[in-house]
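Asker: Please find one structure pasted underneath; my questions will follow.
The values are calculated or read from the model by the stated rules, or taken from the named source; none is laboratory data. It should be emphasised that the depicted structure is a prediction, and the values quoted were computed from it without experimental measurement. Here the Cβ positions follow ideal geometry from the backbone for every residue, glycine too, while neighbour counts run over all protein chains shown.
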Amino acid sequence: MAAIPIWKDKIIDLGSASILFRLRDSDTRYTGKATARPGVSTAKVRVNDICADLLSNSLPSITDRTFTSFGLQTYYLEKSTNGVSWTSVDNFMFYNDWSYDYGFTGNSLSDPITGRVTSDMYILSSSKEISSNVSATYRKSNNSTTSRSTTVSPTPNHGTCCFYAGAVSDTVRITINSKNYYIATGCFKYALYYVNGYGGWDQFLIEGQYLESDSMTRYTKETEYTNTDRSNRGTDNYVNEVVKSWTLHTGLMTDSQAAKMHHLLNSTMVYLCDIPYNTYVPVIITDTTCEYKTYKNQGRQMVTYTITVELAQNRIRR
(Lines give C-alpha, C1' and ligand atoms only; values in the text may rest on other atoms or scores of the structure.)
Protein backbone atom coordinates (compact mmCIF):
# COMPACT_ATOMS: atom_id res chain seq x y z
CA MET A 1 0.00 0.00 0.00
CA ALA A 2 1.53 3.29 -1.11
CA ALA A 3 1.44 6.20 1.32
CA ILE A 4 -0.40 9.37 0.29
CA PRO A 5 0.80 12.96 0.91
CA ILE A 6 -1.34 14.38 3.71
CA TRP A 7 -2.23 17.50 1.70
CA LYS A 8 -3.88 15.44 -1.05
CA ASP A 9 -7.61 14.91 -0.57
CA LYS A 10 -8.59 11.31 0.13
CA ILE A 11 -12.39 11.27 -0.20
CA ILE A 12 -14.26 8.06 0.57
CA ASP A 13 -17.89 7.39 -0.37
CA LEU A 14 -19.74 5.68 2.50
CA GLY A 15 -22.56 4.48 0.22
CA SER A 16 -25.43 5.76 2.37
CA ALA A 17 -27.20 9.07 2.80
CA SER A 18 -26.65 9.06 6.58
CA ILE A 19 -24.41 6.64 8.48
CA LEU A 20 -22.01 6.34 11.42
CA PHE A 21 -18.31 5.97 10.66
CA ARG A 22 -15.06 5.67 12.59
CA LEU A 23 -11.36 5.96 11.86
CA ARG A 24 -8.97 3.71 13.74
CA ASP A 25 -5.48 2.27 13.84
CA SER A 26 -4.86 0.05 16.85
CA ASP A 27 -7.30 2.32 18.72
CA THR A 28 -10.32 4.31 17.61
CA ARG A 29 -9.15 7.83 16.70
CA TYR A 30 -12.35 9.42 15.47
CA THR A 31 -16.06 8.56 15.49
CA GLY A 32 -18.79 10.59 13.82
CA LYS A 33 -21.88 10.63 11.68
CA ALA A 34 -21.77 11.53 8.00
CA THR A 35 -24.74 12.97 6.13
CA ALA A 36 -24.99 13.53 2.40
CA ARG A 37 -24.90 17.09 1.14
CA PRO A 38 -28.05 18.52 -0.49
CA GLY A 39 -28.45 17.17 -4.00
CA VAL A 40 -26.09 14.24 -3.37
CA SER A 41 -27.35 10.74 -2.63
CA THR A 42 -24.45 9.39 -0.51
CA ALA A 43 -22.27 10.80 2.26
CA LYS A 44 -18.56 11.24 1.68
CA VAL A 45 -15.71 11.72 4.15
CA ARG A 46 -12.40 13.53 3.54
CA VAL A 47 -10.13 11.45 5.73
CA ASN A 48 -6.86 13.35 5.25
CA ASP A 49 -8.33 16.24 7.29
CA ILE A 50 -8.95 13.82 10.15
CA CYS A 51 -5.51 12.19 9.95
CA ALA A 52 -3.53 15.46 9.70
CA ASP A 53 -3.32 15.90 13.47
CA LEU A 54 -2.18 12.30 13.92
CA LEU A 55 1.06 12.75 11.95
CA SER A 56 4.33 13.97 13.42
CA ASN A 57 8.08 14.02 12.77
CA SER A 58 10.66 13.62 15.51
CA LEU A 59 14.38 14.20 15.20
CA PRO A 60 15.89 10.84 14.16
CA SER A 61 19.03 9.26 15.56
CA ILE A 62 22.07 11.45 14.88
CA THR A 63 24.78 8.81 14.71
CA ASP A 64 26.85 7.52 11.82
CA ARG A 65 25.24 4.98 9.46
CA THR A 66 21.86 4.69 11.13
CA PHE A 67 18.35 4.40 9.74
CA THR A 68 15.26 5.64 11.55
CA SER A 69 11.88 4.55 10.22
CA PHE A 70 9.02 7.03 9.95
CA GLY A 71 6.77 4.26 11.24
CA LEU A 72 3.87 5.16 8.98
CA GLN A 73 0.57 4.05 10.43
CA THR A 74 -2.17 2.24 8.51
CA TYR A 75 -5.61 3.72 9.17
CA TYR A 76 -8.91 1.89 8.74
CA LEU A 77 -12.24 3.49 7.90
CA GLU A 78 -15.33 1.59 9.01
CA LYS A 79 -19.08 2.28 8.90
CA SER A 80 -22.04 1.17 11.00
CA THR A 81 -25.81 1.57 11.09
CA ASN A 82 -26.13 0.95 14.83
CA GLY A 83 -22.74 1.82 16.37
CA VAL A 84 -22.20 -1.81 17.42
CA SER A 85 -21.40 -3.79 14.28
CA TRP A 86 -18.79 -2.19 12.00
CA THR A 87 -18.01 -2.88 8.34
CA SER A 88 -14.66 -2.15 6.73
CA VAL A 89 -14.75 0.48 3.97
CA ASP A 90 -11.10 1.28 3.13
CA ASN A 91 -7.58 1.50 4.55
CA PHE A 92 -4.76 3.91 3.75
CA MET A 93 -1.47 5.49 4.91
CA PHE A 94 -0.34 9.12 4.88
CA TYR A 95 3.08 10.71 5.15
CA ASN A 96 3.73 14.22 6.42
CA ASP A 97 4.01 15.97 3.04
CA TRP A 98 2.71 19.57 3.11
CA SER A 99 4.39 20.67 -0.13
CA TYR A 100 1.21 21.02 -2.23
CA ASP A 101 3.49 19.98 -5.09
CA TYR A 102 1.49 18.16 -7.77
CA GLY A 103 4.64 17.58 -9.79
CA PHE A 104 6.55 15.75 -7.05
CA THR A 105 6.89 12.07 -7.97
CA GLY A 106 10.36 11.25 -6.67
CA ASN A 107 11.44 8.64 -4.15
CA SER A 108 13.73 10.92 -2.15
CA LEU A 109 11.93 13.12 0.38
CA SER A 110 15.01 15.30 0.91
CA ASP A 111 15.57 18.43 -1.15
CA PRO A 112 18.66 20.24 0.24
CA ILE A 113 18.74 23.98 -0.42
CA THR A 114 22.47 24.46 -0.99
CA GLY A 115 23.70 20.94 -0.25
CA ARG A 116 26.68 22.38 1.61
CA VAL A 117 27.85 20.72 4.82
CA THR A 118 31.02 20.61 6.89
CA SER A 119 33.13 17.55 7.60
CA ASP A 120 31.99 17.81 11.26
CA MET A 121 28.29 17.49 10.39
CA TYR A 122 25.94 14.55 10.09
CA ILE A 123 23.88 14.33 6.90
CA LEU A 124 20.20 13.38 7.18
CA SER A 125 18.54 12.04 4.05
CA SER A 126 14.91 10.85 3.90
CA SER A 127 13.29 8.50 1.38
CA LYS A 128 10.19 6.44 0.81
CA GLU A 129 9.86 2.87 -0.47
CA ILE A 130 13.40 1.83 0.57
CA SER A 131 14.01 -1.83 -0.28
CA SER A 132 17.04 -3.03 1.71
CA ASN A 133 19.75 -0.44 2.39
CA VAL A 134 20.91 3.11 1.74
CA SER A 135 24.37 3.83 0.36
CA ALA A 136 26.48 7.00 0.50
CA THR A 137 29.21 7.61 -2.06
CA TYR A 138 32.15 9.65 -0.77
CA ARG A 139 34.11 11.29 -3.60
CA LYS A 140 37.64 12.52 -2.84
CA SER A 141 39.58 15.37 -4.41
CA ASN A 142 41.47 12.89 -6.64
CA ASN A 143 38.08 11.70 -7.98
CA SER A 144 38.27 8.29 -6.31
CA THR A 145 35.16 7.07 -4.46
CA THR A 146 34.31 5.07 -1.35
CA SER A 147 30.87 3.67 -0.58
CA ARG A 148 29.36 3.25 2.86
CA SER A 149 25.89 1.86 3.56
CA THR A 150 23.35 1.31 6.29
CA THR A 151 20.90 -1.57 6.46
CA VAL A 152 17.17 -0.88 6.43
CA SER A 153 15.00 -3.23 8.47
CA PRO A 154 12.21 -4.16 8.09
CA THR A 155 11.87 -3.65 4.33
CA PRO A 156 10.39 -1.94 2.43
CA ASN A 157 10.18 1.14 4.60
CA HIS A 158 10.01 4.93 4.81
CA GLY A 159 12.57 6.78 6.89
CA THR A 160 15.74 8.80 7.36
CA CYS A 161 19.34 7.64 7.16
CA CYS A 162 22.25 9.42 8.79
CA PHE A 163 25.88 9.52 7.59
CA TYR A 164 28.85 11.34 9.10
CA ALA A 165 30.27 13.70 6.50
CA GLY A 166 33.85 13.35 7.76
CA ALA A 167 33.91 9.55 7.85
CA VAL A 168 36.21 9.43 4.81
CA SER A 169 39.21 11.78 4.70
CA ASP A 170 39.68 14.26 1.86
CA THR A 171 36.03 14.05 0.85
CA VAL A 172 34.72 16.83 -1.39
CA ARG A 173 31.27 15.49 -2.27
CA ILE A 174 28.85 12.93 -0.84
CA THR A 175 25.93 11.47 -2.80
CA ILE A 176 22.93 9.94 -0.98
CA ASN A 177 19.68 9.01 -2.73
CA SER A 178 20.81 10.90 -5.85
CA LYS A 179 21.27 14.12 -3.84
CA ASN A 180 24.71 15.76 -3.69
CA TYR A 181 26.24 17.24 -0.54
CA TYR A 182 29.39 19.35 -0.88
CA ILE A 183 31.99 19.75 1.86
CA ALA A 184 32.46 23.42 2.75
CA THR A 185 35.82 24.50 4.15
CA GLY A 186 36.05 27.07 6.91
CA CYS A 187 34.99 27.58 10.51
CA PHE A 188 31.22 27.32 10.83
CA LYS A 189 29.29 27.43 14.08
CA TYR A 190 25.64 26.65 13.27
CA ALA A 191 23.41 24.59 11.01
CA LEU A 192 19.65 24.13 10.93
CA TYR A 193 18.06 20.67 10.72
CA TYR A 194 14.44 20.75 9.62
CA VAL A 195 11.51 18.85 8.12
CA ASN A 196 11.00 20.11 4.59
CA GLY A 197 7.74 20.44 2.66
CA TYR A 198 7.88 16.82 1.48
CA GLY A 199 8.05 15.49 5.03
CA GLY A 200 11.75 14.58 4.84
CA TRP A 201 14.71 15.81 6.86
CA ASP A 202 17.33 18.25 5.52
CA GLN A 203 20.09 20.43 6.90
CA PHE A 204 21.15 23.98 6.07
CA LEU A 205 24.63 25.28 6.88
CA ILE A 206 24.79 28.86 8.20
CA GLU A 207 27.70 30.35 6.27
CA GLY A 208 27.19 34.02 7.14
CA GLN A 209 27.44 35.90 10.42
CA TYR A 210 25.26 35.16 13.42
CA LEU A 211 24.17 37.03 16.53
CA GLU A 212 23.02 35.39 19.77
CA SER A 213 20.84 37.42 22.12
CA ASP A 214 18.68 37.13 25.23
CA SER A 215 15.38 38.94 25.75
CA MET A 216 14.52 39.17 29.45
CA THR A 217 11.24 39.77 31.27
CA ARG A 218 11.86 40.66 34.93
CA TYR A 219 9.20 39.90 37.54
CA THR A 220 9.41 41.95 40.74
CA LYS A 221 7.45 42.51 43.92
CA GLU A 222 7.44 45.27 46.52
CA THR A 223 8.60 44.31 50.05
CA GLU A 224 9.24 46.10 53.32
CA TYR A 225 12.67 47.60 53.73
CA THR A 226 14.86 49.39 56.26
CA ASN A 227 17.85 51.60 55.67
CA THR A 228 19.95 49.59 58.15
CA ASP A 229 19.39 46.10 56.65
CA ARG A 230 20.70 45.54 53.14
CA SER A 231 18.75 42.27 52.74
CA ASN A 232 15.48 44.23 52.87
CA ARG A 233 15.68 45.58 49.34
CA GLY A 234 12.24 47.13 48.97
CA THR A 235 11.85 45.61 45.48
CA ASP A 236 12.67 41.93 44.92
CA ASN A 237 13.47 40.56 41.46
CA TYR A 238 12.17 37.06 42.18
CA VAL A 239 12.39 35.57 38.67
CA ASN A 240 13.69 36.41 35.20
CA GLU A 241 12.20 34.80 32.11
CA VAL A 242 14.78 34.57 29.35
CA VAL A 243 14.00 34.07 25.65
CA LYS A 244 17.16 33.13 23.75
CA SER A 245 17.26 33.94 20.06
CA TRP A 246 19.69 33.87 17.17
CA THR A 247 19.88 36.05 14.07
CA LEU A 248 21.42 33.93 11.33
CA HIS A 249 22.72 35.12 7.96
CA THR A 250 22.95 32.68 5.08
CA GLY A 251 25.74 32.56 2.55
CA LEU A 252 25.34 33.75 -1.03
CA MET A 253 22.63 31.86 -2.88
CA THR A 254 21.60 31.35 -6.50
CA ASP A 255 18.06 31.64 -7.88
CA SER A 256 17.47 27.90 -7.76
CA GLN A 257 18.70 27.70 -4.16
CA ALA A 258 16.63 30.68 -3.03
CA ALA A 259 13.55 29.08 -4.61
CA LYS A 260 13.87 26.23 -2.07
CA MET A 261 14.02 28.45 1.02
CA HIS A 262 10.31 27.93 1.66
CA HIS A 263 11.15 24.37 2.77
CA LEU A 264 13.05 25.82 5.72
CA LEU A 265 11.13 29.03 6.46
CA ASN A 266 7.74 27.26 6.37
CA SER A 267 8.89 24.34 8.52
CA THR A 268 7.28 23.69 11.90
CA MET A 269 10.02 21.28 13.04
CA VAL A 270 13.43 22.99 13.19
CA TYR A 271 16.54 22.30 15.30
CA LEU A 272 19.61 24.48 15.70
CA CYS A 273 22.84 22.48 15.64
CA ASP A 274 25.96 23.78 17.37
CA ILE A 275 28.43 22.07 15.04
CA PRO A 276 31.59 22.09 17.23
CA TYR A 277 29.69 20.57 20.17
CA ASN A 278 27.26 18.44 18.10
CA THR A 279 24.27 19.58 20.16
CA TYR A 280 20.73 20.09 18.88
CA VAL A 281 18.10 22.38 20.41
CA PRO A 282 14.53 22.92 19.16
CA VAL A 283 13.87 26.39 17.79
CA ILE A 284 10.99 28.37 16.30
CA ILE A 285 11.53 30.47 13.19
CA THR A 286 9.93 33.81 14.04
CA ASP A 287 10.08 35.37 10.57
CA THR A 288 6.52 35.94 9.36
CA THR A 289 7.26 36.44 5.66
CA CYS A 290 8.99 34.16 3.17
CA GLU A 291 10.26 36.31 0.32
CA TYR A 292 11.21 34.47 -2.86
CA LYS A 293 14.38 36.35 -3.69
CA THR A 294 16.25 36.15 -6.97
CA TYR A 295 19.42 37.88 -8.02
CA LYS A 296 17.91 38.69 -11.43
CA ASN A 297 15.51 41.19 -9.88
CA GLN A 298 18.00 42.27 -7.20
CA GLY A 299 20.38 44.04 -9.55
CA ARG A 300 21.88 40.69 -10.59
CA GLN A 301 23.54 40.41 -7.19
CA MET A 302 23.69 37.09 -5.36
CA VAL A 303 21.17 37.15 -2.52
CA THR A 304 21.25 36.18 1.15
CA TYR A 305 18.57 35.59 3.75
CA THR A 306 18.40 36.67 7.38
CA ILE A 307 16.66 34.12 9.60
CA THR A 308 15.60 34.76 13.20
CA VAL A 309 15.02 31.78 15.47
CA GLU A 310 14.00 31.49 19.13
CA LEU A 311 14.73 28.66 21.51
CA ALA A 312 11.54 26.59 21.81
CA GLN A 313 12.03 26.00 25.53
CA ASN A 314 11.34 28.19 28.57
CA ARG A 315 14.38 29.41 30.48
CA ILE A 316 14.00 31.08 33.86
CA ARG A 317 16.35 32.24 36.59
CA ARG A 318 15.10 32.55 40.14
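Asker: Which residue out of LYS8, LYS79 is over 26 Å from the mean Cα position of the chain (by Cα), more than 25 Å from THR150 (Cβ to Cβ) and not assigned by TED's automatic domain parsing to the domain that holds THR279?
Answerer: Exactly one residue qualifies, and that residue is LYS79.
Asker: Which of (1) surrounded by fewer than 18 Cβ atoms within 10 Å (Cβ to Cβ); (2) in contact (Cβ under 8 Å) with a residue 40 or more places away in the chain is the odd one out, the single condition ASP53 does not satisfy?
Answerer: (2)
Asker: A further question on this structure: Taking region 278-318 only, how many residues are within 30 Å of VAL242 (Cα to Cα), outside any loop (DSSP other than H, G, I, E, B), over 17 Å from the mean Cα position of the chain (by Cα) and not polar (S, T, N, Q)?
Answerer: So the answer is 3.
Asker: Given the conditions (1) in a strand (DSSP E or B); (2) surrounded by 15 or more Cβ atoms within 10 Å (Cβ to Cβ), report the number of the one that PRO60 does not fulfil.
Answerer: (1)
Asker: Moving to a separate point now. Take the residues of region 19-37 that are in a strand (DSSP E or B) and either of a type in the set (A, V, I, L, M) or not assigned by TED's automatic domain parsing to the domain that holds SER88 (or both): which is nearest to SER88 (Cα to Cα)?
Answerer: Among residues in region 19-37 that are in a strand (DSSP E or B) and either of a type in the set (A, V, I, L, M) or not assigned by TED's automatic domain parsing to the domain that holds SER88 (or both), the one nearest to SER88 (Cα to Cα) is LEU23.
Asker: Here are the criteria: (1) modelled with pLDDT of 95 or more; (2) assigned to a strand (DSSP E or B); (3) among the hydroxyl-bearing types (Ser, Thr, Tyr). Tell me which single one SER119 does not satisfy.
Answerer: Result: SER119 passes all but (2).
Asker: Give me the residue from region 166-189 that is under 27 Å from ASN107 (Cβ atoms), of a type in the set (A, V, I, L, M, F, W, C) and buried (at least 16 other Cβ atoms within 10 Å of the Cβ) and, out of that set, nearest to the chain's Cα centre (by Cα).
Answerer: ILE176
Asker: I'd like to check something: does region 263-272 contain any residue that is of a type in the set (Phe, Trp, Tyr), in the same structural domain as CYS187 (by TED's automatic domain parsing) and not in a strand (DSSP E or B)?
Answerer: no
Asker: Would you say SER213 is free of Cβ contacts under 8 Å to residues at least 24 places away in the same chain and outside any loop (DSSP other than H, G, I, E, B)?
Answerer: Details: free of Cβ contacts under 8 Å to residues at least 24 places away in the same chain: no; outside any loop (DSSP other than H, G, I, E, B): yes.
When the stated conditions are applied, SER213 does not pass them.
Residue by residue, here is whether (1) surrounded by fewer than 22 Cβ atoms within 10 Å (Cβ to Cβ); (2) touching a residue at least 40 places away in the same chain (Cβ under 8 Å); (3) closer than 22 Å to GLN73 by Cβ; (4) outside the structural domain of ASP49 (by TED's automatic domain parsing) holds:
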| site | (1), (2), (3), (4) |
| --- | --- |
| VAL84 | yes, no, no, no |
| THR87 | yes, no, yes, no |
| ASN91 | yes, yes, yes, no |
| TYR102 | yes, no, no, yes |
| ASN107 | yes, yes, yes, yes |
| SER126 | no, yes, yes, yes |
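Asker: Of the residues SER149, SER144, which single one is in the same structural domain as ASP202 (by TED's automatic domain parsing), over 30 Å from GLY208 (Cα atoms) and touching a residue at least 60 places away in the same chain (Cβ under 8 Å)?
Answerer: Result: SER149 is the single residue among SER149, SER144 that is in the same structural domain as ASP202 (by TED's automatic domain parsing), over 30 Å from GLY208 (Cα atoms) and touching a residue at least 60 places away in the same chain (Cβ under 8 Å).
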